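Read the figures in this text as sums done on the coordinates, not as results from a lab. Since the model is a prediction, treat every value here as computed from it, not as a measurement. Backbone-built Cβ (ideal geometry, glycine too); neighbour counts: all protein chains shown.
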Amino acid sequence: MKYILAIDLGTTNIKSILFDFNGNNIRQSSFNLTTLNPAPNCTEQNPKEILSGTFKTIRELNAAVSDLECVVLSGAMHSLFPVDKNGEALSNAILWSDLRSSEIAKTLKSTPSGIELHHETGTPIHPMSPLCKLIWLRENLAELFNRTYKFISLKEYLTYHLTGNYVIDQSIASATGLMDLRKKSWSQQALKVAGIKPHQLSDLQPPTFSLPVINKVLNGVPLILGGGDGCLANLGSGIIDNSRVALTIGTSAAIRTTLHNPTVDLQRRTFCYYVDEGHYVSGGAMNNGGNIFQWLKQKYNVNEKDIFSSPPGSNGLITLPYVFGERAPFWETGMSPKTIGLKASHHTNDVARSYIEGICFNLKLISQSLGDFESITASGGFTKSKFWPQMVADIFNKPVHILQTGENSALGAAFIAMKSLGHIQDYGQVMRFIETSQTYNPMEDRLIVYEKSFERFTQLATSRY
């Protein structure tokens, strides 16, 4: 039997997963990554660890490597670093969570050029964007900037070391703030603002583009480019139109739907990224997700049972949960948390629950720019909770479906590979591979409480920022 090897380059780990052509996860291997914080507001990773970690996972699957039909990649968005002519990294990779370019983003965001770039590229003006990272490098590390051969992402770095080619799929490229979303080519305006030329970036190709691997680990196996992890998570969740949304809460959080045409929110609350021909992901990502749960455990010494022992509505508390700044829908790095209505009668558990509710309220606030939808497909670590998915169903007043797979980005990459190889003709055919393991339906007795709480949250969040 032939298999697809999907390699998912995340922020916290690398996963290599063997899928058969029925979308079944046959076997997988993972490698934990180290995130470096060399200075305040700096988050980086060593590109060499990406290579060594990837090859380690592949070797652990070597018994099936001879049966591979192809390799396909999924990658975390927004990373950037410089390389020389030999493909050697000249610095660590700057990650999506790096905030060094905050002032640059704040200044550019409100200018006519910044507004136009958001609408042209679909990428919000924010420190996560490689566009802002490039400006920061040019202004602060000029010597390094000037001797750079190419500026690439971690996914491109792996592609180069597997194939010898600098190529980038249009999905990852659409999240750089440097690609014209409608033309699917590098934006001349964005390049001018960044201060670079097209030859300093990789060649743009469709996500289904294939080229041979020359690395000895997988020599001769076709590599299919794949795409960005958020876009592929939608595809792997079966979100192929705007009748449903995908909601993910892992370290961070996001809510996304799928459109058939590139559409950028006029109020610039959300992003719009490319998946593949006729499919675009629109939505918003948050800095505050599962990391808040970990922060609450450390700060208040509470566990999941403690948090959810407080009643829906947290006994009247409303919390703006912006411990780690925020992205959508405000795109302001300087946002901070605030709890409203705190009294002596409140317990620590009420405060903790109000933070978790605040994450869900902010996700609902983002969803208002996505139009009407029927249900939510959930993924990420929060789905392991006995209580959190039910809270989402109650706050949104929508059914929440938990899928069987749980590896939605990698599965989405496998679907890209199936289309590239001709095993499926369109993404409507992937629905037969999608299976639900559990559904949470809204509980009627909680709807009014959450409707009033969400109204208060919206007033507080939008008036303050």
Which distance in nm do the two modelled labels at Thr111 and Leu447 give, with both placed 7 Å along the Cα-to-Cβ direction? 4.9
Report the full-extension gain for the segment Arg59 to Arg182: residue separation times 0.36 nm, less the Cα-Cα distance, to one decimal in nm. 40.3 nm
Length added when fully stretched, Glu435-Lys192, from 0.36 nm per residue minus Cα-Cα: 82.9 nm
Helix-only CD estimate at 222 nm, as mean residue ellipticity for the chain, using -39500 (n - 2.57) per DSSP H run (n ≥ 4): -10000 deg cm²/dmol
Report the label-to-label distance for Asn140 and Asp241 in nanometres (one decimal), using points 7 Å from each Cα along the Cα→Cβ vector. 4.6
The stretch 3-230: antiparallel DSSP beta bridges as a percent of all, rounded to 5: 65
For the pairs Lys85/Lys197; Lys338/Lys364; Lys48/Lys192; Lys384/Lys452; Lys2/Lys419, note any where the Cα-Cα span goes beyond 24 Å. Lys48/Lys192; Lys384/Lys452
Where does helix 444-464 land angle-wise versus the long Cα axis of the chain, in degrees 0 to 90, nearest 10? 70
Could you order peptides 353-360, 220-227, 137-144, 53-60 by the average number of other Cβ atoms within 10 Å of their residues, highest first? 353-360, 220-227, 53-60, 137-144
Normalise the Cα radius of gyration of the stretch 190-313 by 2.2 N^0.38 Å (N = residues in it) and let me know the number. 1.45
Between helix 154-163 and the chain: long-axis angle, C-alpha atoms, 0 to 90°, nearest 10: 30
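Using a 10 Å cut-off on Cβ atoms, rank the peptides 3-13, 310-320 from the highest mean neighbour count down.
Working: 3-13: 22.7, 310-320: 20.9.
Result, highest mean first: 3-13, 310-320.
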On C-alpha positions alone, give me the angle between the axis of helix 112-121 and the longest principal axis of the chain, in degrees, nearest 10. 70
At 4 °C and 1.567 mPa s, grab the translational diffusion coefficient of the stretch 1-156 from Stokes-Einstein with a Kirkwood Rh over Cα pairs, rounded to a whole number in µm² per second. 75
Given the chain, what percent of its DSSP beta bridges are antiparallel, to the nearest 5? 70
Specify whether the C-alpha gyration tensor of the stretch 266-352 places it in the rounded, prolate or oblate class, a ≥ b ≥ c being the square roots of the eigenvalues: rounded for a/c under 1.5, otherwise prolate if a/b is larger than b/c and oblate if not. prolate
Rounded to the nearest 0.05, what FRET efficiency do Val217 and Lys338 have when you use their Cβ-Cβ distance and R0 = 41 Å? 0.20
What's the FRET efficiency of Glu455 with Asn24 using the Cβ-Cβ distance as r and R₀ = 45 Å, to the nearest 0.05? 0.50
Percent of C-alpha pairs per 5 Å bin, the stretch 380-465, short to long: 3, 12, 16, 14, 13, 12, 11, 9, 5, 3, 0
